[in-house]
Amino acid sequence: MKQRIGLSLIVALAGLVLIGAMALFVLNPERSSTDAIGGAFTLTDQRGARVTEAALKGQPSLVFFGFTHCPDVCPTALFEISEVYKALGPKGDGLKTFFITVDPERDRPETLKAYLESFDPRIIGLTGSREEVDIATRAYRAFARKVPLDGGGYVMDHTALVYLMDKKGRFVSSMNFERPPEENAKRIADLF
């Protein structure tokens, strides 16, 4: 009788361990958060061409959500990305960067084109209808909202991450611009 109770306890304990392990695998926040970043979108670049998520395939990519009227975060991030391109040297041609506006009402293709002239010419600006931009924003689990200013006008509160995507268009991690551009360039070069 004691043997059956002991065996039953061992089986029950093993079952609990198995259920716990399965729960950790299924509910693992790192696994779900990285696997769920990225997805289908259709937007328009600064030259008027339509761009889909297929453009992220074949080489590593950086994806950044921002807007042209941004006072500090966006120009700083785009400057840092431009510095990474310099550090990559000729390998920089193997990296795609997409600056997706969260303010399509003001950021039309021609606006993006003029704004991006201050940064590396390989950075591609993307815009679209509000619905198209919202689809892309949700696909990347990004955040954006209008913040009214005194006296009219507005700014956009938005996710300030630069997403690093691999050659298959899958999320790898966010970029850390506290690191020197050479370190970030090496990290990206490892994905070629």
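Since every read-out is calculated from the coordinates, none of them should be taken as a lab result. All figures in this text were calculated on a predicted structure; none of them were measured in a lab. With ideal geometry, Cβ positions are generated from the backbone for all residues, glycine too; neighbour counts draw on all protein chains shown.
In the range 47-149, which GluC sites (Glu not before Pro) fall in coil by DSSP and have 11 or fewer other Cβ atoms within 10 Å?
Glu117
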note = Cross-link reach from Lys86 to aspartates and glutamates, straight Cα distance under 14 Å and at least 8 residues apart if same chain, gives Asp120, Glu182, Glu183
Local electrostatic count, Gly128, Cβ distance below 12 Å [Lys/Arg +1, Asp/Glu -1] = -4
ask   = Given the convex hull of the Cα atoms of the range 38-189, what is a quarter of its surface area in nm²?
value = 8.4 nm²
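Of Lys113/Lys167; Lys113/Lys146; Lys57/Lys91; Lys96/Lys146, which sit over 19 Å apart, Cα to Cα?
Violating the 19 Å limit, Cα to Cα: Lys113/Lys167; Lys113/Lys146; Lys96/Lys146.
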task = Just add up the charged neighbours of Asp157: K/R +1, D/E -1, any other residue whose Cβ is under 14 Å from the Cβ of Asp157.
result = 0
